[in-house]
Amino acid sequence: MMNCINHGSYLEIIPPEEFNFDECLAFLGRANHEILHQLKEGTLYKLLKVNDSLILFTIRNVNKRIKVEFPEGAPSSIEREKVGEYIWEWFDLGQDLDEFYQLASKDLVLKDVVQKYHGLRIIGIPDLFEALVWAVIGQQINLTFAYTLKKRFVEQFGKSITFEGEQYWVFPSFNTIANLTVEDLKKFQFSTRKAEYVIGIAQEMASGKLSKKLLIEKNDYDEVKKSLMSIRGIGAWTADYAIMNCLHVNTAFPIADVGLHNALKNVLGLENKPTIEEIEAYAVGWKGWQAYATYYLWRSLYD
DNA sequence: ATCCAGGAACTGT
DNA sequence: ACAGTTCATGGA
């Protein structure tokens with residue numbers, strides 16, 4: 001299913017028709033505090049851990065294709081393949097958005113945003129630990145501070161390489177975090193709760209009780225959500241956030257999300273943020289595509 | 001100062 | 001099952 005040509009020194013990914021690389025970059029570029037990727041003049045830089053090696057790659061748009069290069073020299077063929085798979089999943093390129101666009105073009109709430117950001121895809125978080133930790137960090141604090149906490153977390157416990165004077169980071173492994181104490185994280189302004197949640201999730205994954213593979217095997221949205229919510233620190237919002245960003249399930253719907261509420265308020269020109277009941281009413285026509293509806297509405301917050 | 005932030009657990013009914 | 005309270009900290 002992945003449409004990727006391995007040229008040896010570089011990769012060429014052929015995205016599906018409904019894809020706009022610039023829209024995706026616009027979304028990625030919204031977070032100027034982001035530490036896990038960098039955007040320079042239309043080129044995206046990212047460091048990826050493949051087995052035990054750290055691979056730096058760049059991606060940019062060349063003739064409607066995604067060109068992937070390796071500034072430090074091309075890794076092995078298998079590693080290049082892994083990088084291609086990562087990008088394919090990261091940009092959710094396996095998704096056929098036709099049905100969503102059909103549905104959204106007739107929806108009063110979504111009509112304008114899907115037209116405006118056409119070709120945008122859910123730029124996910126393929127790593128389950130990263131997806132869950134990022135969601136927990138973001139719980140009930142402003143995004144600016146959330147990025148600050150994430151930066152400290154990554155710079156303290158992640159790995160990095162330096163290339164042409166810039167440092168590139170990969171997210172910490174759950175094995176590293178599983179061995180920390182709450183105090184280790186409180187030093188970086190994590191609250192006691194957040195520290196407990198993050199370490200608990202790491203331990204759950206280190207023990208093998210929680211993994212992306214196990215969740216995928218459930219192959220059922222409700223089961224996956226229930227399973228995630230049984231973990232301390234993961235409520236409905238965090239579960240849906242991870243399900244939409246990591247497992248690419250389009251029925252995931254973080255309906256309590258404040259960003260979604262603000263987006264709806266703006267898009268609809270409301271006086272106040274809508275209630276959950278009102279959002280449920282707006283969303284009756286989004287069935288099967290709640291995650292994409294949410295994502296496009298999030299995108300509208302960054303204009 | 002004051003309100004709130006891409007919530008969740010806990011407590012009491 | 002449901003509603004109210006507490007947690008924690010920085011941004012605007």
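Values quoted throughout were computed directly from the atomic coordinates according to the rules given, and no laboratory measurement underlies them. Given the structure is predicted, the values throughout are model-derived calculations rather than measurements. Virtual Cβ from ideal backbone geometry, glycine too; neighbours counted across all protein chains shown.
One decimal place: the segment A:Gln167-A:Ser207 gains 11.3 nm when fully extended, by the rule 0.36 nm per residue minus the C-alpha distance.
The coefficient of translational diffusion for chain A, derived via Stokes-Einstein from the alpha carbon Kirkwood radius under 37 °C and 0.692 mPa s, stands at 163 µm²/s. Between A:Ala236 and A:Thr58, the modelled label-to-label distance comes to 4.6 nm, taking each label 7 Å out from Cα in the direction of the beta carbon.
When the Cα atoms of segment A:177-253 are aligned to their principal axes, the ranges along those axes come out at 38, 24, 17 Å in descending order. Placing a label point 7 Å from the Cα of A:Glu280 along the Cα-to-Cβ direction, the residues of segment A:209-236 whose backbone N falls under 17 Å from that point are A:236.
Other residues within the sphere of radius under 9 Å centred on the Cβ of A:Gln139, judged by their own Cβ, net out at +2 (K and R +1, D and E -1). Pairs exceeding a 18 Å alpha-carbon distance, out of A:Lys151/A:Lys187; A:Lys150/A:Lys209; A:Lys150/A:Lys187; A:Lys187/A:Lys212: A:Lys150/A:Lys209; A:Lys187/A:Lys212. For segment A:18-151, the square roots a ≥ b ≥ c of the C-alpha gyration tensor eigenvalues yield an a/c of 1.5 or more together with a/b not exceeding b/c, which makes the shape oblate.
Neighbouring Cβ atoms within 10 Å as the yardstick, rank A:Met244, A:Met1, A:Met229 fewest first. Working shown, then result.
On the way: A:Met244 25, A:Met1 5, A:Met229 15.
If I rank by nearby Cβ atoms, fewest first, I get A:Met1, A:Met229, A:Met244.
Which of A:Asp220, A:Asp112, A:Asp52 moves most in a GNM of chain A, Cα contacts under 10 Å? Ranking A:Asp220, A:Asp112, A:Asp52 by mean-square fluctuation puts A:Asp52 first. In chain A, a dipole from Cβ-located charges (positive for Lys and Arg, negative for Asp and Glu) runs towards its positive end, and of A:Leu143, A:Asn6, A:Phe57 it is A:Leu143 whose Cα lies farthest in that direction.
When chain A is described by a simple charge dipole with +1 on each Lys and Arg Cβ and -1 on each Asp and Glu Cβ, the residue from A:Phe100, A:Val258, A:Tyr292 located farthest towards its positive end is A:Val258.
Summary value for chain A: 17 percent relative contact order, contacts being C-alpha pairs under 8 angstrom separated by 6+ residues. In order along segment A:25-32, the phi-based Karplus estimate (6.51 cos²θ - 1.76 cosθ + 1.60, θ = phi - 60°) of 3J(HN,Hα) comes to 5, 4, 5, 5, x, 5, 9, 6 Hz; Gly and Pro are listed as x.
Filter the cross-link list A:Lys186/A:Lys213; A:Lys106/A:Lys218; A:Lys46/A:Lys116; A:Lys159/A:Lys226; A:Lys106/A:Lys287; A:Lys111/A:Lys226 down to pairs whose alpha-carbon distance in this structure exceeds 25 Å. Violating the 25 Å limit, Cα to Cα: A:Lys186/A:Lys213; A:Lys106/A:Lys218; A:Lys46/A:Lys116; A:Lys159/A:Lys226; A:Lys111/A:Lys226.
Our note on the geometry: Cα centres of segment A:207-221 and segment A:108-144, 21 Å apart.
Around A:Lys225, with a cut-off of 10 angstrom between Cβ atoms, what is the net charge of the other residues, counting Lys and Arg +1 and Asp and Glu -1?
Details: positive: A:Lys218, A:Lys226; negative: A:Asp220, A:Asp222, A:Glu223, A:Asp240.
So the surrounding residues net to -2.
Please report A:Leu103, A:Leu270, A:Leu149 as a ranked list, fewest other C-beta atoms within 10 angstrom at the top and most at the bottom.
Details: A:Leu103 18, A:Leu270 12, A:Leu149 22.
Ordered by Cβ neighbours within 10 Å, fewest first: A:Leu270, A:Leu103, A:Leu149.
Only helical runs count toward this figure. For chain A, summing -39,500 (n - 2.57) over DSSP H runs of n ≥ 4 and dividing by all residues gives -13500 deg cm²/dmol at 222 nm.
Where does each of A:Glu217, A:Glu79 land when they are ranked from fewest to most other beta-carbon atoms within 10 angstrom? Mind showing how you got there, number by number?
Working: A:Glu217 11, A:Glu79 17.
Listed from fewest to most nearby Cβ atoms, that is A:Glu217, A:Glu79.
The string of couplings for segment A:162-170 from the Karplus curve (6.51, -1.76, 1.60, θ = phi - 60°) is 10, 9, 6, x, 9, 9, 10, 10, 10 Hz, one whole number per residue in order, with x for Gly and Pro.
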